[in-house]
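Below you'll find the structure, written out as structure tokens, and then a few comments.
The values are calculated or read from the model by the stated rules, or taken from the named source; none is laboratory data. Computed from a prediction, not measured in an experiment: that's the story for all the values here. Here the Cβ positions follow ideal geometry from the backbone for every residue, glycine too, while neighbour counts run over all protein chains shown.
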Amino acid sequence: MKIIDATDHIVGRLSSKVAKMLLEGEEVIIINAEKSVITGNKEFIFKDYLEKWQRGSVRKGPHYPRMPDRILRRTVRGMLPFKTSHGREAYKRLRVFIGVPDNIDIKSAEKIEDAIYRRVRNKVTLGEVSRYLGAKF
């Protein structure tokens, strides 16, 4: 079981690395999902996620999440072969949390060096996007 701290990690890069781990059979837990980063223009990112959230109908979907842990989980799902049985099994081995749960030791959390955001400008946290969509956490 791998515990990954998503603080300052780029969402797409983190998701692709986690998807690869899941397909290899590992169980992955991601903590601090609201502190992960989406790079780019702030207004464009907000507009893009708002369009995803408003797409479809209430009854039929597609249903796009508002909470940061659910958005990150959905991003990982997009990088898995979800319509196959081994893709669904891999997806079931993923757990994502807002903050750090009491039963998880933060000292054992890892960082993925390839996915860490190092620049200062042009970033939005997943928590900011969720609040813009109306999530309360």
(message) Being charged (D, E, K, R), in a helix (DSSP H, G or I) and closer than 16 Å to R88 by Cα is the filter here; which residues of segment 19-58 pass it?
(response) K20
(message) Looking at V18, V11, can you tell me which residue is buried (at least 18 other Cβ atoms within 10 Å of the Cβ) and closer than 22 Å to K136 by Cβ?
(response) V11
(message) I'd like the full set of residues that are among the charged types (D, E, K, R) and either surrounded by 14 or more Cβ atoms within 10 Å (Cβ to Cβ) or touching a Phe, Trp or Tyr at 6+ places or on another chain (Cβ under 6 Å) (or both), limited to segment 46-75.
(response) D48, K52, R66, D69, R70, R73, R74
(message) List the residue pairs whose Cβ atoms are under 7 Å apart, where the first residue sits in segment 99-122 and is within 10 Å of I3 (Cβ to Cβ), the second is assigned to a loop (DSSP other than H, G, I, E, B) and of a type outside the set (V, I, T), and the two are 6 or more positions apart or on different chains.
(response) V100/N32
(message) If I filter segment 83-110 down to residues being of a type in the set (A, V, I, L, M, F, W, C) and at pLDDT 95 or above, which single residue comes out as nearest to A135 (Cα to Cα)?
(response) I98
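Every residue, every condition in (1) closer than 22 Å to R121 by Cβ; (2) in contact (Cβ under 8 Å) with a residue 40 or more places away in the chain, yes or no:
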| site | (1), (2) |
| --- | --- |
| K20 | no, no |
| I29 | no, yes |
| Y49 | yes, yes |
| R59 | no, no |
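Yes or no, residue by residue, for (1) out of contact with any helix residue (DSSP H, G or I) (no Cβ under 7 Å at 6 or more places or on another chain); (2) of a type outside the set (S, T, Y); (3) closer than 22 Å to R13 by Cβ:
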residue	(1), (2), (3)
Y91	no, no, yes
V96	no, yes, yes
V100	no, yes, yes
I104	yes, yes, no
S108	yes, no, yes
K111	yes, yes, yes
I116	yes, yes, yes
L126	no, yes, yes
R131	yes, yes, no
(request) Just give me the residues in segment 113-127 being over 13 Å from the mean Cα position of the chain (by Cα) and assigned to a helix (DSSP H, G or I), in sequence order. (result) E113, D114
(request) Would you check if R95 is assigned to a loop (DSSP other than H, G, I, E, B) and in contact (Cβ under 8 Å) with a residue 60 or more places away in the chain? (result) no
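Per-residue answers, yes or no, for (1) in contact with a His (Cβ under 8 Å, 6 or more places away or on another chain); (2) farther than 21 Å from K2 by Cα; (3) surrounded by 15 or more Cβ atoms within 10 Å (Cβ to Cβ); (4) acidic (D, E):
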| residue | (1), (2), (3), (4) |
| --- | --- |
| L23 | yes, no, yes, no |
| I30 | no, no, yes, no |
| F44 | no, yes, no, no |
| R77 | no, no, yes, no |
| E89 | no, no, no, yes |
| F97 | no, no, yes, no |
| E128 | no, yes, yes, yes |
(request) Find the residue count for segment 99-112, including only residues that are exposed (fewer than 10 other Cβ atoms within 10 Å of the Cβ), in a loop (DSSP other than H, G, I, E, B) and not acidic (D, E). (result) 1
